[in-house]
Amino acid sequence: MRNNIGVIGHPINHSLSPVFQQAALDYLDNKNIFEKWDVHPEKLEEKINSFRKESFIASCVTLPHKQNVIALIDDVSDSAKAIGAVNWIYNKNNKLLGDNTDSSGFIRSLTEKYKFLPKDKTALVFGAGGASRAIIYGLIKSRVKKIILCNRNYDKAHIVSRELSTSKVKIEPILYNRDSLANYAPYTDIIINTTSLGMAGGPAPMTSPITSELISSKTFGYDIVYSPLITPFIKEFEKSGAEYGTGLSMLLYQGVEGLEKALNIKAPINVMQKALDAL
Ligand code: ATR
């Protein structure tokens, strides 16, 4: 059996999803191969249409397709609608349903792996792209008290604030400079990096959006960048003696959530974690 479950992206070679998803399928004695589909944007519609068959199970969606698939599928979940991005497509009764498990995966990583409970906490989020929207949506669903949003382009932070703030949780955009950060960072419960700063091969691999003197040892740090595992941002938390979580865990849990919804099973998290650890 083939072509029933996999991941679409372009490029796709770097994707780690097949590694831990295949380990889960094998453990579950599911005979499918979790495939890597390299889909050029011009071929996206054709690929999505090829999913329209009874045997199709699900596809993980990665860059650059997370927004563009929305117009091509039949329905999107509330989270995907609010975030404006889809990272999983499931076959539900022969309809293609788009979902976003980056937000729920992030929250599960935070609460299940790191035992950090966001309810009634204040959060400082760096970045205002798609990943930031997913994290913010998850934090709001988990009933944080307040979100401070810091982005180089202030206008983008303002737009995210306008679109995602609720009557209960306000998102306050702040300027991306040291003085502005000094008023918030030392007093916040959790700081999350959703920018590409620190990412190997990215625009600024050696840079952290914040330095240790603005980080309290009581603040939890979380970087969604997972390559390298210990990013410049995480190093600043180490310097402050603060605890932290790494992005590989969010990658794992978005996959755990996606597989559970795709197959209607409980995912073997330890098996999936071990497959990632072995890399
Ligand atoms: P994604 O959808 O994965 O979140 P994105 O939409 O490209 O990716 O967003 C990248 C984020 O990293 C943005 O918040 C971006 O800030 P701007 O909105 O100001 O562009 C941030 N970012 C990227 N390079 C940066 C840099 N050198 N300094 C500060 N922020 C940076």
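The values are calculated or read from the model by the stated rules, or taken from the named source; none is laboratory data. As the structure is a computational prediction, the values presented were derived from the model and not from experiment. Heads up, the Cβs are rebuilt from the backbone with ideal geometry, glycines too, and the neighbour counts pull from every protein chain shown. Note: accessible area is taken over every heavy atom of the protein model, side chains too, but ligands, DNA and RNA are not part of it. Shrake-Rupley method; radii C 1.70, N 1.55, O 1.52, S 1.80 Å.
Starting from 0.36 nm per residue, how many nanometres of slack lie between SER50 and LYS170 once their C-alpha separation is accounted for?
Result for the pair: 39.0 nm of gain on full extension.
Report the net charge of residues surrounding LYS145, where surrounding means a beta-carbon distance below 14 angstrom and charges are Lys +1, Arg +1, Asp -1, Glu -1.
Residues near LYS145 contribute +4 overall.
Taking the Cα centre of the chain as origin, work out the dipole magnitude from +1 charges on Lys and Arg Cβ and -1 charges on Asp and Glu Cβ, in debye rounded to 20.
520
By how many nm would the segment from VAL19 to GLU213 grow when fully extended, if each residue of separation counts as 0.36 nm and the alpha-carbon distance is taken off?
My answer for the length gained is 66.0 nm.
Which entries of LYS66/LYS92; LYS141/LYS266; LYS113/LYS261; LYS43/LYS92; LYS115/LYS218; LYS43/LYS141 show an alpha-carbon separation above 25 angstrom in the structure shown?
From the list (LYS66/LYS92; LYS141/LYS266; LYS113/LYS261; LYS43/LYS92; LYS115/LYS218; LYS43/LYS141), the Cα-Cα distance tops 25 Å for LYS43/LYS141.
If I fit a long axis through the Cα atoms of helix 130-141 and take the longest principal axis of the Cα atoms of the chain, what angle between them do I get, 0 to 90°, rounded to 10?
80
Once fully extended, how much extra length lies between TYR187 and HIS40, figured as 0.36 nm per residue of separation less the alpha-carbon to alpha-carbon distance?
Roughly 48.4 nm would be gained on extension.
Just the accessible area for LYS113, please: 1.4 Å probe, Å², rounded to the nearest 10?
It works out to around 90 Å².
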